[in-house]
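Step one of this worksheet: look at the structure below.
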Amino acid sequence: MAGESVLIVDDTPLNLKLLELLLTTRGFAVRSAITAESALGILETYDPALMLLDLRLPGMSGIELCKVLRANPKYDGTVIVAVTASAMKGDDEKALSAGFDGYVTKPVDTRAFPGVIAGLMARKRAATS
């Protein structure tokens, strides 16, 4: 897991900073974007093993971005996780049906988060190998 690349897409600077800190301290190489459109630009030259997408982004939503990514076979092995403050009943099912591999609510539980990510990445590797 350590040394792998991550793309975080969130329009709230404090959320970006927290997620970056949680992942870089565990050895991940992290890039970030504040919009789905800028994330797509980054993905032209960056191939992350993990993407964390806020569901509510300005312009294209995280769900729309996930659907675009899942339509591209290049991202079949990429772990894509919804990270959102939107925790209404049914939101997790909506995200998972859109193609997300996991769903994490904000505020992020900093103690549980690394284990959740490790579990999702291990499960995805097992499914694609």
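Every read-out reported here was derived from the displayed coordinates using simple, explicitly stated rules and does not represent laboratory data. Please read all numbers here as calculations on a predicted model, not as lab measurements. For neighbour counting, all protein chains shown are included, and Cβ atoms are generated from backbone atoms with ideal geometry for every residue, glycine included.
Taking the criterion of being without any contact (Cβ under 8 Å) to a residue 24 or more places away in the chain and buried (at least 16 other Cβ atoms within 10 Å of the Cβ), the residues of segment 1-22 that qualify are 16, 20. Against the numbered list (1) surrounded by 22 or more Cβ atoms within 10 Å (Cβ to Cβ); (2) closer than 18 Å to residue 106 by Cβ, residue 48 comes up short only at (2). Being touching a Cys at 6+ places or on another chain (Cβ under 9 Å), more than 20 Å from residue 4 (Cα to Cα) and aliphatic (A, V, I, L, M) is the requirement here; does residue 98 meet it? Here the answer is yes, as residue 98 does meet what is asked. When segment 91-105 is filtered for residues that are of a type in the set (D, E, K, R) and surrounded by fewer than 19 Cβ atoms within 10 Å (Cβ to Cβ), the ones remaining, listed by number, are 91, 92, 93, 94.
Within segment 106-115, restricting attention to residues that are assigned to a helix (DSSP H, G or I) and in contact (Cβ under 8 Å) with a residue 24 or more places away in the chain, the residue that is surrounded by the most Cβ atoms within 10 Å (Cβ to Cβ) is 113.
Scanning segment 1-14 for residues that are outside any loop (DSSP other than H, G, I, E, B), touching a Pro at 6+ places or on another chain (Cβ under 9 Å) and not β-branched (Val, Ile, Thr) turns up 5, 7.
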